[in-house]
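The values are calculated or read from the model by the stated rules, or taken from the named source; none is laboratory data. In this text the structure is predicted, and so the values were computed from the model without any measurement. Virtual Cβ from ideal backbone geometry, glycine too; neighbours counted across all protein chains shown.
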Amino acid sequence: MTKLLVVATGNPGKLREMQAYLANSGWELTLKPEELEIEETGDTFAENACLKASEVAQATGQWAIADDSGLQVDALNGAPGVYSARYGTTDAERIARLLRELDHKTNRQAQFVCVIAIARPDGTIVLQSEGICRGEILHVPRGAGGFGYDPVFYVPEQQLTFAEMTKELKGSISHRGQALQALIPQLKTILHQE
Ligand code: IMP
């Protein structure tokens, strides 16, 4: 038995990434309808993930999955946080602003956070999962892979930035990877229960 799970994103890359993680979960993932736009009005990653999953589920009448993620920097009291995507208009601008704000700070500790929520077709939230990956913000970008803040996010255990890692390595330790992995057993259970 398979059930349809609508991914609350318009980004085919995000769909492919989730499909790869959840390949053996028994669920069939699909993109949300293009015209369905949901504003991220929440103050937390969890609020945004839940509201996106819930609204897409209600609008489509299907199970829905949504994620919200961002970078929290200790010396900036958790900024940019839920505003990570809105911190500038391009990745280069967002990184430049982050490095400016951290200019004289010695504490470079930071973390990526991802919250994933799953809603039933009636919009009620049935599952939530959070993944955290800690690291440090470099002074100068390094590496050409990934996206967003990857070139300045350094993971000491690997001695690499996210942008220097293979897709597989980043996926195995990243905030999003951890949040998705944690969901698999529960998704399998739901498939057989509901
Ligand atoms: P959203 O979860 O799609 O709303 O994205 C939030 C923003 O956080 C992205 O636009 C990126 O700027 C940043 N972000 C989230 N995850 C990552 C990551 O794995 N690497 C780099 N930046 C990320």
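How do the pairs read when you match residues in the stretch 161-175 that are buried (at least 19 other Cβ atoms within 10 Å of the Cβ) with residues anywhere that are basic (Lys, Arg), using Cβ under 8 Å and keeping only pairs 6 or more apart or on different chains?
Thr161/Arg142; Phe162/Lys170; Ala163/Arg142; Glu164/Arg142
For the structure I just gave you, tell me whether Ala46 is modelled with pLDDT of 95 or more and over 30 Å from Glu136 (Cα atoms).
Details: modelled with pLDDT of 95 or more: yes; over 30 Å from Glu136 (Cα atoms): no.
Considered against the rule, which asks whether it is modelled with pLDDT of 95 or more and over 30 Å from Glu136 (Cα atoms), Ala46 comes out as no.
Any idea which of (1) away from the ligand (no atom under 11 Å from the Cβ); (2) in a helix (DSSP H, G or I); (3) under 17 Å from His175 (Cα atoms); (4) not basic (Lys, Arg) is the one Val82 doesn't satisfy?
(1)
Does Thr9 satisfy being within 13 Å of the ligand (Cβ to nearest atom), in contact with a strand residue (DSSP E or B) (Cβ under 9 Å, 6 or more places away or on another chain) and more than 26 Å from Leu138 (Cβ to Cβ)? It would help to see each step written out before you state the result.
Numbers: within 13 Å of the ligand (Cβ to nearest atom): yes; in contact with a strand residue (DSSP E or B) (Cβ under 9 Å, 6 or more places away or on another chain): yes; more than 26 Å from Leu138 (Cβ to Cβ): yes.
Judged against the criteria, Thr9 is a match.
Being in contact (Cβ under 8 Å) with a residue 60 or more places away in the chain and over 21 Å from Ile173 (Cα atoms) narrows it down to one of Val140, Val56, Val113, Val73, so name that one.
On the way: Val140 fails: in contact (Cβ under 8 Å) with a residue 60 or more places away in the chain; Val113 fails: over 21 Å from Ile173 (Cα atoms); Val73 fails: over 21 Å from Ile173 (Cα atoms).
Sole residue among the options that is in contact (Cβ under 8 Å) with a residue 60 or more places away in the chain and over 21 Å from Ile173 (Cα atoms): Val56.
Restricting the search to the stretch 1-13, which residues are surrounded by fewer than 16 Cβ atoms within 10 Å (Cβ to Cβ) and either of a type outside the set (A, V, I, L, M, F, W, C) or not in a strand (DSSP E or B) (or both)? I'd like the intermediate steps shown before the answer.
At the first step, the residues of the stretch 1-13 found to be surrounded by fewer than 16 Cβ atoms within 10 Å (Cβ to Cβ) are 1-4, 10-13.
Met1, Thr2, Lys3, Gly10, Asn11, Pro12, Gly13 - these are the residues of the stretch 1-13 that are surrounded by fewer than 16 Cβ atoms within 10 Å (Cβ to Cβ) and either of a type outside the set (A, V, I, L, M, F, W, C) or not in a strand (DSSP E or B) (or both).
Go through the stretch 134-157 and give me each residue that's charged (D, E, K, R) and more than 19 Å from Gln178 (Cα to Cα). Spell out how you get there, then give the answer.
Of the stretch 134-157, the ones charged (D, E, K, R) are 134, 136, 142, 150, 157.
Answer for the stretch 134-157, where residues must be charged (D, E, K, R) and more than 19 Å from Gln178 (Cα to Cα): just Arg142.
Results for (1) of a type outside the set (Ser, Thr, Tyr); (2) in contact with a strand residue (DSSP E or B) (Cβ under 9 Å, 6 or more places away or on another chain); (3) buried (at least 20 other Cβ atoms within 10 Å of the Cβ); (4) farther than 23 Å from Ala182 by Cα, shown as yes or no for each residue.
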site: Ser25; (1), (2), (3), (4): no, yes, yes, no
site: Lys52; (1), (2), (3), (4): yes, yes, yes, no
site: Asn77; (1), (2), (3), (4): yes, no, no, yes
site: Arg97; (1), (2), (3), (4): yes, yes, no, yes
site: Arg100; (1), (2), (3), (4): yes, no, no, yes
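Being part of a loop (DSSP other than H, G, I, E, B) and closer than 30 Å to Leu138 by Cα is true for just one of Asp67, Asp103. Which residue is that?
Numbers: Asp67 fails: part of a loop (DSSP other than H, G, I, E, B).
Just a single option satisfies the conditions, and that option is Asp103.
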